[in-house]
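Colleague: First, the structure itself, so that you have it in front of you.
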Amino acid sequence: MANQSLKRQLKVLSVPVFIEIALVMLLGAVDTVMLSRYSDNSVAAVGLDNQLISLVFLVYQFFSMGAAILCAQYIGAGLRKRLVQVVGMALVVNLMLGLTVSALLFLYAEQLLRLMGLRPELMNDGLIYLRLTGALSFFQALSLTFSASLRSADKVVYPMMVTGIVNVLNIIGNYALIFGHWGFPQMGVEGAAISTATCRAVSMVLLAAIHFRVHIPQFPLSYFHPMPWQELRNLMKIGIPAMSENISYSLSQVAITYFINKISNEALATRTYCYNMIMFVYLFCVSITQGGDILVGHLVGQQRHQAAFVLGNYFFRWAMIITLTGSALLAITGRSILSAFTDNQEIISMGIWILVIDWFLEIGRTSNIFAGSTLRATGDTIYPFVIGVIFQWSIAVGLSYVIGIPLGYGLVGMWVGFAIDENIRGIILMRRWRSGKWRTKGFVHKQ
């Protein structure tokens with residue numbers, strides 16, 4: 001009966017998380033789709049910009065990710081005061097971090113794009129988009145923290161609703177500002193950047209209002225005097241390895257994008273189109289894992305490790321089945337979808353091969369997403385970081401470069417390297433999960 005109750009809770013949590021993440025992905029994909037009607041070059045420039053923006057957002061997840069894990073365990077253990085302390089500290093630190101990073105992105109946008117090797121003909125569009133979205137990226141730092149806190153308390157419907165509202169606003173804003181409708185000037189890439197950045201600000205304001213109303217109405221000063229240094233140390237213990245792994249992954253993707261950019265504009269545009277299609281395939285895996293990890297955190301906080309293990313295996317099986325089914329459908333329909341984006345036959349041809357190879361890649365990626373995230377939810381954070389860094393750079397970057405450029409197989413060959421990386425890491429992390437060594441890594445019993 002207990003397992004059935006957990007499975008019902010998993011469904012209740014995962015559906016709103018699924019919708020929210022789909023809408024978050026859609027927020028970025030909308031720019032790509034709408035700009036594809038403007039020009040392939042603008043898609044390539046924005047695609048490279050979003051590599052940097054994604055890296056920045058992973059930095060912002062440093063404290064919000066740690067806060068979510070600690071909150072889930074503290075809620076399971078009934079430790080309300082420590083919950084409030086963790087969220088308060090995460091908000092303050094993320095605000096300071098966000099303001100600093102936003103200023104750096106605005107001031108050094110051109111240097112960063114040159115470092116990434118953006119082609120001169122793409123520089124103007126890339127610079128405009130990065131400066132506008134980067135300067136206001138601190139709103140996302142706060143949004144991630146508010147959203148993580150709400151999710152950890154099973155209040156997943158609210159982030160979903162906010163993301164839905166913001167997506168509608170972004171589509172309207174893009175339509176008006178990219179193409180010049182309703183009396184607005186035709187602004188192209190600049191219009192997409194203004195719309196996206198503004199919508200992220202609106203998202204933060206709405207999430208903050210909801211958070212104070214339904215979850216934590218206030219942060220009493222007495223909770224932070226004396227300063228709860230132990231909670232900060234716990235945040236660091238989770239956040240630093242998790243952030244480091246994700247930053248390593250994003251930096252490896254930046255390096256990969258640099259190599260792809262050297263191949264051709266068509267290769268860079270193909271990667272952007274395919275990435276925006278593929279991310280919806282592994283969406284279910286991400287959402288069910290995030291929903292499941294809330295429950296795993298609660299169970300670890302209650303010292304119910306066997307229940308956490310059984311639940312984890314249950315949602316991993318479903319994640320794998322649905323992800324591979326979606327990937328197969330995408331490979332079958334790839335030509336039609338790519339043809340809707342572009343009439344460039346070189347892009348379409350490369351894209352079809354990538355979508356076929358990606359079915360094999362998703363086997364490893366599903367294992368990685370599940371095992372890496374769920375191990376972190378139990379408090380086992382160092383192992384996924386070490387494995388991630390080693391293989392992301394030796395295989396995803398090193399091997400894919402050799403296959404793609406010196407051996408001459410281009411973007412398609414590089415995708416084979418990505419698939420090898422994901423599958424090797426997936427096998428290793430799944431062995432760690434099944435070993436049960438994570439059972440001694442929780443935070444509640446250590447205090």
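The values are calculated or read from the model by the stated rules, or taken from the named source; none is laboratory data. Values in this document were obtained by computation on a predicted structure and should not be read as measured data. In this analysis, Cβ positions are derived from the backbone assuming ideal geometry, glycine residues included, and neighbour counts consider all displayed protein chains. Note: accessible area is taken over every heavy atom of the protein model, side chains too, but ligands, DNA and RNA are not part of it. Shrake-Rupley method; radii C 1.70, N 1.55, O 1.52, S 1.80 Å.
Colleague: Restrict the check to segment 213-223 and report whether at least one residue is β-branched (Val, Ile, Thr), under 20 Å from Arg80 (Cβ atoms) and modelled with pLDDT under 80.
Modeller: Within segment 213-223, not a single residue is β-branched (Val, Ile, Thr), under 20 Å from Arg80 (Cβ atoms) and modelled with pLDDT under 80.
Colleague: Going by the structure shown, is Tyr249 open to solvent by 10 Å² or more (accessible area, probe 1.4 Å) and under 15 Å from the mean Cα position of the chain (by Cα)? So that I can check it myself, show each step before the final result.
Modeller: Values: open to solvent by 10 Å² or more (accessible area, probe 1.4 Å): yes; under 15 Å from the mean Cα position of the chain (by Cα): yes.
Yes, satisfied.
Colleague: If you don't mind, there's one more thing I want to ask. Hey, could you check segment 131-161 for residues that are at pLDDT 85 or above, of a type in the set (A, V, I, L, M, F, W, C) and over 17 Å from the mean Cα position of the chain (by Cα) and say which is least open to solvent (accessible area, probe 1.4 Å)?
Modeller: Out of the qualifying residues, it is Leu150.
Colleague: Also, I was wondering about something else. Looking only at segment 199-238, how many residues end up being open to solvent by 60 Å² or more (accessible area, probe 1.4 Å), within 27 Å of Gly379 (Cα to Cα) and not in a helix (DSSP H, G or I)?
Modeller: Total meeting the criteria: 3.
Colleague: Go through (1) open to solvent by less than 40 Å² (accessible area, probe 1.4 Å); (2) more than 19 Å from the chain's Cα centre (by Cα); (3) in contact (Cβ under 8 Å) with a residue 40 or more places away in the chain; (4) on the phi < 0 side of the Ramachandran plot for Gly379 and report which single condition fails.
Modeller: Of (1) open to solvent by less than 40 Å² (accessible area, probe 1.4 Å); (2) more than 19 Å from the chain's Cα centre (by Cα); (3) in contact (Cβ under 8 Å) with a residue 40 or more places away in the chain; (4) on the phi < 0 side of the Ramachandran plot, only one is false for Gly379: (4).
Colleague: Looking at Ile390 and the list (1) of a type in the set (A, V, I, L, M); (2) in contact with a helix residue (DSSP H, G or I) (Cβ under 7 Å, 6 or more places away or on another chain); (3) without any contact (Cβ under 8 Å) to a residue 24 or more places away in the chain, which single condition is not satisfied?
Modeller: With respect to (1) of a type in the set (A, V, I, L, M); (2) in contact with a helix residue (DSSP H, G or I) (Cβ under 7 Å, 6 or more places away or on another chain); (3) without any contact (Cβ under 8 Å) to a residue 24 or more places away in the chain, Ile390 is out only on (2).
Colleague: So which residues in segment 362-376 are surrounded by 23 or more Cβ atoms within 10 Å (Cβ to Cβ) and either among the β-branched types (Val, Ile, Thr) or out of contact with any Leu (no Cβ under 9 Å at 6 or more places or on another chain) (or both), if there are any at all?
Modeller: Within segment 362-376, the subset surrounded by 23 or more Cβ atoms within 10 Å (Cβ to Cβ) is 362, 365-372, 374-376.
Scanning segment 362-376 gives Arg365, Thr366, Ile369, Thr374, Arg376.
Colleague: Restricting the search to segment 296-306, which residues are more than 9 Å from Gly76 (Cβ to Cβ) and either of a type in the set (D, E, K, R) or open to solvent by less than 20 Å² (accessible area, probe 1.4 Å) (or both)?
Modeller: Val296 - this is the single residue of segment 296-306 that is more than 9 Å from Gly76 (Cβ to Cβ) and either of a type in the set (D, E, K, R) or open to solvent by less than 20 Å² (accessible area, probe 1.4 Å) (or both).
Colleague: Does Glu346 satisfy the criteria of being among the charged types (D, E, K, R) and either touching a Phe, Trp or Tyr at 6+ places or on another chain (Cβ under 6 Å) or surrounded by fewer than 18 Cβ atoms within 10 Å (Cβ to Cβ) (or both)? So that I can check it myself, show each step before the final result.
Modeller: Working: among the charged types (D, E, K, R): yes; either touching a Phe, Trp or Tyr at 6+ places or on another chain (Cβ under 6 Å) or surrounded by fewer than 18 Cβ atoms within 10 Å (Cβ to Cβ) (or both): yes.
The answer is yes for Glu346.
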